[in-house]
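Visitor: First, the structure itself, so that you have it in front of you.
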Amino acid sequence: MSTNETAAGSASGTATEEFDLFATMALIRAFETRVSELYRDSEIPGFVHTSLGQEAVAAGVGSALADGDYVATTHRGHGHCLARGMDVEAMMAELFARGEGICHGKGGSMHIADPAKGVLGANAIVGASLPLGVGAALSSKLLGQGRVSAAFFGEGAVNQGAFHEAVNLAAIWDLPALLVCENNIYAEFSDSRRMTRVPGVADRAATYGIESETVDGNDVLAVNELALAAAARCREGAGPFLIEAETYRWHGHYEGDAQPYKPEHEATAWRERDPLVVSRTRLLGTGVAAEQLDEIENQASTRVEASIERARQLPPPELEEAYADVYGE
Amino acid sequence: MSTASEVKPEARYIDALGEGMALALEEDERVIVLGIDVGAGGGIFRVTKGLHERFGDERVIDAPISEMGYVGAAVGAAMTGLRPIVEIMFMDFVGVCMDPILNQAAKLRYMTAGALEIPVVFRMQTGAGRSAGAQHSQSLEAWFAHVPGLKVVLPATVADARDLMLDAVHDPNPVVFVENRRLYAMRGDAEAERLPLGKARVARPGDDVTVVTWGQMLRECLSAAEESEASLEVIDLRSLAPLDLDTVVESVRRSGRLLIVHEAVQDFGAGAEIAARVGDLLFDELRTPVRRLGAPAVPMPFSPDLERALLPTSKAISSAAEGLKAEG
Ligand SMILES: Cc1ncc(C[n+]2csc(CCOP(=O)(O)OP(=O)(O)O)c2C)c(N)n1
Ligand SMILES: [Mg+2]
């Protein structure tokens with residue numbers, strides 16, 4: 001979206017901007033909802049981690065990046081990929097392990113990627129996105145690419161050495177790195193608040209001498225404004241910035257996890273702050289018609305449904321595919 | 001104190017692992033279990049289910065996602081009085097915490113001329129076949145068997161899941177304990193004869209071809225033996241380090257043919273070491289060259305179809321064995 005628009009310059013979200021953000025969230029919601037069902041029905045193999053409830057972070061940050069910007073993400077990365085404009089059909093085909101999938105059926109949900117769109121990939125190693133994202137920011141700086149590199153990570157990853165080493169590198173090398181923590185409180189079955197004495201992830205940035213801000217991760221406009229400002233800073237050469245987006249994972253860690261470790265009231269309270277409802281309410285307040293928003297949601301569903309129908313018809317990869325791409329020529 | 005017989009015959013492999021840990025925790029209060037979500041959550045695969053309730057916060061400890069930290073801490077604790085069973089979860093994650101295993105646990109006894117003892121068990125879950133993708137499917141046992149100072153055990157039966165766990169905890173050395181996820185639901189005889197750590201088991205006697213294997217591939221090899229026109233002697237190695245070459249050699253002396261089967265990538269795999277040693281000792285007695293069957297040298301693809309095509313199957317094993325028999 002808005003390539004060189006700096007956050008400082010843009011007034012706080014107009015209805016048009018939020019409309020686009022809402023559409024991106026609706027697409028992620030439709031995609032993840034169906035992926036969850038398809039996984040339950042064994043149509044999608046492997047492991048799947050959905051980002052239901054966290055759509056505002058993906059949409060808000062994804063829309064703040066420009067063409068060519070880099071994204072390194074996590075096991076919970078579908079939303080980030082969609083928000084960066086990855087092809088829905090090619091993504092769905094990948095989750096179905098088809099030869100026409102974006103990674104030819106060799107990556108799957110946990111490794112979905114589209115480097116042509118700057119998406120260096122989802123990642124199944126917790127913490128791995130941080131050094132990779134910082135490396136991409138190094139390329140951007142040394143090669144004069146003028147790109148921002150966004151590294152997404154969960155709050156569970158900040159106890160991993162890779163987080164600390166990567167943040168420090170981004171700091172001392174003054175890199176255009178946008179470090180985006182999706183704090184959804186849980187890492188697998190564990191309440192992350194029990195795994196550190198530091199209350200906020202943003203607080204940790206200060207110890208490495210970089211700036212940071214915490215944002216309501218269920219408010220897409222707030223996320224987008226902050227991300228736009230942070231990306232603009234990066235582009236101006238002001239160095240890395242850490243965003244901590246507070247949000248909540250609706251589904252289990254993996255699809256099928258019954259989440260006995262989550263208090264009922266907590267889950268309910270967060271569901272009430274559904275990022276799509278937060279956005280819808282605001283849009284309605286600005287005079288947007290409910291039918292218009294319904295239509296956006298219907299379009300998203302139709303698009304996702306078409307991608308599923310197509311993926312179902314596609315064949316699995318040819319056997320040669322298994323042996324291709326181990327080495328380059 | 002409860003006894004091993006608490007595991008009912010026809011118990012599941014996963015329960016036998018838990019029972020092994022429970023017995024170890026019960027008999028020695030220096031034993032602790034440590035890892036991500038091994039506590040109240042009961043483990044991501046439910047292997048440690050119930051241990052936290054039984055033994056409490058200080059014996060069954062949830063760690064943050066800090067493998068370098070908590071695996072290293074387990075090694076430090078092992079040097080100083082505790083006997084940790086530390087879980088790394090998917091074996092692939094060992095990439096983020098190799099130093100404490102490779103440079104610390106494996107070497108400190110030696111470098112201190114025996115002054116330090118490091119009784120630690122590194123539990124890791126391995127195995128392809130579930131479309132878990134290239135970063136969650138690797139079998140890396142050869143890495144560890146290559147490092148002097150580490151023991152590497154790979155239980156393939158229900159009884160071994162419990163017994164090797166206990167042996168690993170009792171062992172004064174660092175032991176890499178490799179569980180194959182695809183075995184978790186397997187049922188089997190929990191009262192099978194107990195062999196010491198380091199001793200291979202002849203899982204099925206036969207005459208024509210000796211088939212050496214470990215871990216999940218034992219099942220495939222046993223099915224192959226059922227199906228094959230050749231008579232296969234299947235040896236479950238149970239541990240790579242130490243390697244019970246005597247049992248292998250004794251068998252190959254009779255059969256004159258050796259096939260080594262593993263799920264790990266064949267190139268530079270543990271099979272190569274066994275082939276070299278047997279070739280060395282039995283050069284004149286082998287009727288055919290030693291053959292290996294492992295995964296081809298590619299990262300494991302996500303696609304279930306591709307994955308299936310890459311892993312050794314009972315069919316491939318039996319035809320390889322028949323091929324060897326036909327050769328000489
Ligand atoms: C190095 C490593 N350790 C452990 C795991 C297992 N694991 C996968 S996701 C996860 C929790 C991650 O939590 P968080 O970073 O908060 O992300 P979220 O799942 O909440 O999006 C864990 C422990 C892993 N994939 N990689
Ligand atoms: Mg989390």
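Visitor: Within region B:85-101, identify whether any single residue is farther than 20 Å from residue A:160 by Cβ, assigned by TED's automatic domain parsing to the domain that holds residue B:13 and outside any strand (DSSP E or B), and answer yes or no.
Guide: No, region B:85-101 contains no residue that is farther than 20 Å from residue A:160 by Cβ, assigned by TED's automatic domain parsing to the domain that holds residue B:13 and outside any strand (DSSP E or B).
Visitor: When only residues in region B:278-328 that are among the charged types (D, E, K, R) and out of contact with any Lys or Arg (no Cβ under 9 Å at 6 or more places or on another chain) count, which is surrounded by the fewest Cβ atoms within 10 Å (Cβ to Cβ)?
Guide: B:284
Visitor: Here's a follow-up. Among what's in region A:132-167 and is more than 28 Å from residue A:249 (Cα to Cα) and among the polar types (S, T, N, Q), pick the residue that is farthest from the other protein chains (Cβ to nearest Cβ).
Guide: Ranking the candidates gives A:145 first.
Visitor: Further question on the same structure: Which residues, counting only those in region A:101-134, are more than 16 Å from ligand 1 (Cβ to nearest atom) and part of a loop (DSSP other than H, G, I, E, B)?
Guide: Across region A:101-134, the qualifying residues are A:101, A:102, A:103, A:104, A:105, A:106, A:113, A:118.
Visitor: So which of A:244, A:182, A:188 is at pLDDT 95 or above, within 15 Å of ligand 2 (Cβ to nearest atom) and in contact with a Cys (Cβ under 8 Å, 6 or more places away or on another chain)?
Guide: After ruling out the rest, the residue left standing is A:244.
Visitor: Let me ask another. Could you tell me whether any residue of region A:103-120 is crowded, with 22+ Cβ neighbours inside 10 Å, without any contact (Cβ under 8 Å) to a residue 60 or more places away in the chain, at positive phi and in contact with an Asp or Glu (Cβ under 6 Å, 6 or more places away or on another chain)?
Guide: Within region A:103-120, one or more residues are crowded, with 22+ Cβ neighbours inside 10 Å, without any contact (Cβ under 8 Å) to a residue 60 or more places away in the chain, at positive phi and in contact with an Asp or Glu (Cβ under 6 Å, 6 or more places away or on another chain).
Visitor: Looking at (1) part of a loop (DSSP other than H, G, I, E, B); (2) touching a strand residue (DSSP E or B) at 6+ places or on another chain (Cβ under 8 Å); (3) buried (at least 19 other Cβ atoms within 10 Å of the Cβ), can you tell me which one residue B:207 breaks?
Guide: Going through the list (1) part of a loop (DSSP other than H, G, I, E, B); (2) touching a strand residue (DSSP E or B) at 6+ places or on another chain (Cβ under 8 Å); (3) buried (at least 19 other Cβ atoms within 10 Å of the Cβ), residue B:207 breaks only (3).
Visitor: The conditions are (1) in contact with a strand residue (DSSP E or B) (Cβ under 9 Å, 6 or more places away or on another chain); (2) more than 19 Å from residue B:256 (Cα to Cα); (3) assigned to a loop (DSSP other than H, G, I, E, B), and residue B:172 fails exactly one of them. Which is it?
Guide: The one condition residue B:172 does not meet is (1).
Visitor: Confirm whether residue A:227 is under 19 Å from residue A:57 (Cα atoms), more than 16 Å from ligand 1 (Cβ to nearest atom), buried (at least 19 other Cβ atoms within 10 Å of the Cβ) and not aromatic (Phe, Trp, Tyr).
Guide: Against the criterion (under 19 Å from residue A:57 (Cα atoms), more than 16 Å from ligand 1 (Cβ to nearest atom), buried (at least 19 other Cβ atoms within 10 Å of the Cβ) and not aromatic (Phe, Trp, Tyr)), residue A:227 qualifies.
Yes/no per residue for (1) under 16 Å from the mean Cα position of the chain (by Cα); (2) assigned to a loop (DSSP other than H, G, I, E, B); (3) more than 14 Å from chain A (Cβ to nearest Cβ); (4) over 15 Å from residue A:124 (Cα atoms):
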site: B:109; (1), (2), (3), (4): no, no, yes, yes
site: B:113; (1), (2), (3), (4): no, yes, yes, yes
site: B:123; (1), (2), (3), (4): yes, no, yes, yes
site: B:130; (1), (2), (3), (4): no, yes, no, no
site: B:133; (1), (2), (3), (4): no, yes, no, no
site: B:137; (1), (2), (3), (4): yes, yes, no, no
site: B:142; (1), (2), (3), (4): yes, no, yes, yes
site: B:148; (1), (2), (3), (4): no, yes, yes, yes
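Visitor: If you scan region B:36-94, which residues turn out to be β-branched (Val, Ile, Thr) and more than 16 Å from ligand 2 (Cβ to nearest atom)?
Guide: B:38, B:47, B:48, B:60, B:61, B:71, B:75, B:80, B:85, B:86, B:88, B:94
Visitor: Read through the list (1) surrounded by 21 or more Cβ atoms within 10 Å (Cβ to Cβ); (2) among the hydrophobic types (A, V, I, L, M, F, W, C); (3) within 14 Å of another protein chain (Cβ to nearest Cβ), then give the number of the only condition that residue A:198 fails.
Guide: (1)
Visitor: With the condition kept exactly as written, say whether any residue in region A:154-171 is crowded, with 24+ Cβ neighbours inside 10 Å, in contact with a Pro (Cβ under 6 Å, 6 or more places away or on another chain) and within 20 Å of residue A:67 (Cβ to Cβ).
Guide: There is no residue in region A:154-171 that is crowded, with 24+ Cβ neighbours inside 10 Å, in contact with a Pro (Cβ under 6 Å, 6 or more places away or on another chain) and within 20 Å of residue A:67 (Cβ to Cβ).
Visitor: Go over the candidates A:98, A:193, A:147 one by one and state the one that is under 21 Å from the mean Cα position of the chain (by Cα) and either within 16 Å of ligand 2 (Cβ to nearest atom) or part of a loop (DSSP other than H, G, I, E, B) (or both).
Guide: Being under 21 Å from the mean Cα position of the chain (by Cα) and either within 16 Å of ligand 2 (Cβ to nearest atom) or part of a loop (DSSP other than H, G, I, E, B) (or both) holds for just one of A:98, A:193, A:147, which is A:147.
Visitor: So residue B:69 passes all but one of these: (1) within 20 Å of residue A:194 (Cβ to Cβ); (2) part of a helix (DSSP H, G or I); (3) away from chain A (no Cβ under 14 Å). Which condition number does it fail?
Guide: (3)
The values are calculated or read from the model by the stated rules, or taken from the named source; none is laboratory data. Because the structure is a prediction, the values reported are computed rather than measured. Please note: Cβ atoms are built from the backbone with ideal geometry, for glycine as well, and neighbour counts cover all protein chains shown.
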